[in-house]
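Q: Got a structure for you, written out below as structure tokens; questions coming shortly.
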Amino acid sequence: MTIAPNKPYAEDLTIGMALPTVKFGPMDRFDYIPIALILRDTNPLHLDRVYAQERGLPDTVQQGPLNQAYLYEFFTNWLHQPWDLASTEIRFSANVFPEDILHCGGEIEGLEVGEEYDIVHCRLWQKNDEGISILTGKASGRLPKHPK
Amino acid sequence: MPISFATSKPIDRKALIGKVLRTANYRVSTEDVQDFMGVMPQPSGSTEKVPQIAPPTFAPLVAVLGLLRTFDWSADFEFDYRDGTAMFGEQSIEFHRPLYVNEEVEISAMINDVYEKSGRQKFDVVELAFKIKGDRDGQLVMTGKQSYILFK
């Protein structure tokens, strides 16, 4: 499978190209504290290891929006400008725990030609080191045309 | 693993479809964006401590925290959050413009759909449709849908 270049122009891409995969981590339990404060959600499942283990989990659970933020980071870094992001559709499949490594990747599913810019539609995924799917979904972004 | 919520009363959440939830407000504070940027990896060479425009990676958090203020688990969804664990299902967002640091956003939401699914146990999926407007120009910042899995 051909790998799409980083910060691509519309003309550089074809359907079926893979996005260059990116690895994040290991995840850090101390990152869950600022995220809990931002979300105003102090659910002990995210903060208290003993509480989580008493409920059958191996450790505290990383907040879903933080998993999502890493997938957004992957996709928006690939675009020319972060706010070239147009839309996302994300499905939450499994939990992330401290020390997990997150692998993000994707594939180009569609290209729409526009006057000022084109739109790229991609299928995205996020997996842990064991290959377990954490997030799956789609994202679309604006692509500039090659400067003449 | 989610903890099941035992109840003797069968819950029919279908009647909730169409319910308009309360409007919530959230200021995209410098502190929250700064705390978030402390967690996320920063591009090499980046020196901007607090940007004028929030990173798009922050946007799903705004949708999540904003929506959590538009409903009450018990009063709106008949769900006991102390004993039962709710999970995120799916989220779709259309981005209309960037999110500015220090702008106040207004989050409005309604219950778009409720349906039952079965896995290892039965659960309801409650889907909210939402709109987020910014006070910088009164225009839409994001629109989308967010679903929650509520174990019975």
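Every number here is computed from the coordinates shown, using simple stated rules; none is lab data. Fair warning: this is a prediction, and the values are worked out from it, not measured in the lab. Reconstructed Cβ throughout: ideal geometry from the backbone, glycine too, with neighbour counts over all protein chains shown.
Q: Anything in the stretch A:20-51 that is assigned to a strand (DSSP E or B) and either within 20 Å of A:VAL113 (Cβ to Cβ) or within 14 Å of chain B (Cβ to nearest Cβ) (or both)? List them, or say none.
A: First pass over the stretch A:20-51, keeping only residues assigned to a strand (DSSP E or B): A:20-24.
The answer is A:VAL22, A:LYS23, A:PHE24.
Q: Does the stretch A:93-117 hold any residues that are farther than 13 Å from A:TYR70 by Cα, touching a helix residue (DSSP H, G or I) at 6+ places or on another chain (Cβ under 9 Å) and buried (at least 19 other Cβ atoms within 10 Å of the Cβ), and which are they?
A: Passing the criteria: A:ASN95, A:GLY106.
Q: A further question follows. Among the residues of the stretch A:32-67, which ones are acidic (Asp, Glu) and under 20 Å from A:SER93 (Cα atoms)?
A: Keep residues of the stretch A:32-67 that are acidic (Asp, Glu), which gives A:41, A:48, A:54, A:59.
Correct list: A:ASP59 only.
Q: Return the residues of the stretch A:52-65 that are within 9 Å of chain B (Cβ to nearest Cβ) and over 22 Å from the mean Cα position of the chain (by Cα); say none if nothing qualifies. Walk me through it before giving the result.
A: At the first step, the residues of the stretch A:52-65 found to be within 9 Å of chain B (Cβ to nearest Cβ) are A:55-57, A:63-65.
A:ARG55, A:GLY56, A:LEU57 - these are the residues of the stretch A:52-65 that are within 9 Å of chain B (Cβ to nearest Cβ) and over 22 Å from the mean Cα position of the chain (by Cα).
Q: For the stretch B:9-33, which positions are assigned to a helix (DSSP H, G or I), in contact with a helix residue (DSSP H, G or I) (Cβ under 9 Å, 6 or more places away or on another chain) and farther than 14 Å from B:VAL62 by Cα?
A: Across the stretch B:9-33, the qualifying residues are B:ARG13, B:LEU16.
Q: Moving on to the next point. Which one of A:LEU66, A:LEU135 is touching a residue at least 24 places away in the same chain (Cβ under 8 Å), part of a helix (DSSP H, G or I) and closer than 14 Å to B:PHE88 by Cβ? Step through it out loud before you land on a result.
A: Details: A:LEU135 fails: part of a helix (DSSP H, G or I).
Criteria check complete, one pass: A:LEU66.
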